[in-house]
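Participant: This is the structure, below, for whatever I ask next.
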Amino acid sequence: MIWFYIILLLVVPGLEFWLLMWLDWPLALLAFESALTALAGWWFSQGEDLSLWSELESDRRNNRVPTAEALNAMMMVLGGWALITPGLITDVLGALMLAPKAREKAVPFLRGWLRARWS
């Protein structure tokens, strides 16, 4: 699991930096984009409360697969957080997690992955 965090903390920022250098966008545009997506991410993630976390934690402790609704709500929260995090890659991932069609396709996959992992 430590390798996941190392990759997350070292590789993703490196990819973000490389992408920004490759795109060669003006700094003002990047600042505007970051502020706009952070506001959108805050708006999308504020609707969920802590009961979602307790429901998911209870499911994990009892080796139950979370409901599709809980995973859908979790993807909304994570998508909002990804939009709040500065960077183009995280913005694209956040937008994908917020897109209804992407969530519709991802939730059955996630449930199957969790079922195989937890049982």
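Participant: Using the alpha carbon gyration tensor of segment 26-118, what are the three equivalent-ellipsoid semi-axes (square root of 5 times each eigenvalue), largest first, in whole Å?
Facilitator: Sorted largest first and rounded, they come to 29, 14, 10 Å.
Participant: Along the charge dipole of segment 16-79, pointing to its positive end and built from +1/-1 on Cβ of Lys, Arg, Asp and Glu, which listed residue (ASN62, SER51, THR37) has its Cα farthest out?
Facilitator: Most positive-ward Cα: ASN62.
Participant: I've got another one for you. Specify the angular offset, from 0 to 90 degrees and rounded to the nearest 10, of the alpha carbon long axis of helix 50-61 from the longest principal axis of the alpha carbons in the chain.
Facilitator: The answer is roughly 60 degrees.
Participant: I've got another one for you. Using Cα-Cα distances under 8 Å and only pairs 6 or more residues apart, what relative contact order does the chain have, in percent?
Facilitator: Taking the mean separation of contacting Cα pairs over the length of the chain, I get 27 percent.
Participant: Report, to the nearest 10°, how far helix 100-118 tilts away from the longest principal axis of the Cα atoms in the chain, using its own Cα long axis and a range of 0 to 90°.
Facilitator: 50
Participant: Round to the nearest 10 and give me the degree value, 0 to 90, for the angle of helix 12-23's Cα axis relative to the longest principal axis of the chain.
Facilitator: Between the helix axis and the principal axis of the chain, the angle is about 40 degrees.
Participant: Related question: Where the only charges are on Cβ atoms (+1 Lys, Arg; -1 Asp, Glu), what is the dipole of segment 26-118 about its Cα centre, to the nearest 20 debye?
Facilitator: 480
Participant: What is the diffusion coefficient of segment 55-107 in µm²/s, taking the Kirkwood radius over Cα pairs and the Stokes-Einstein relation at 25 °C with a viscosity of 0.890 mPa s?
Facilitator: For the chosen part, D equals 211 µm²/s.
Taken together, the values in this text are just the output of simple stated rules run on the coordinates, not laboratory data. All figures in this text were calculated on a predicted structure; none of them were measured in a lab. We place every Cβ from the backbone using ideal geometry, glycine too, and count neighbours over all the protein chains shown.
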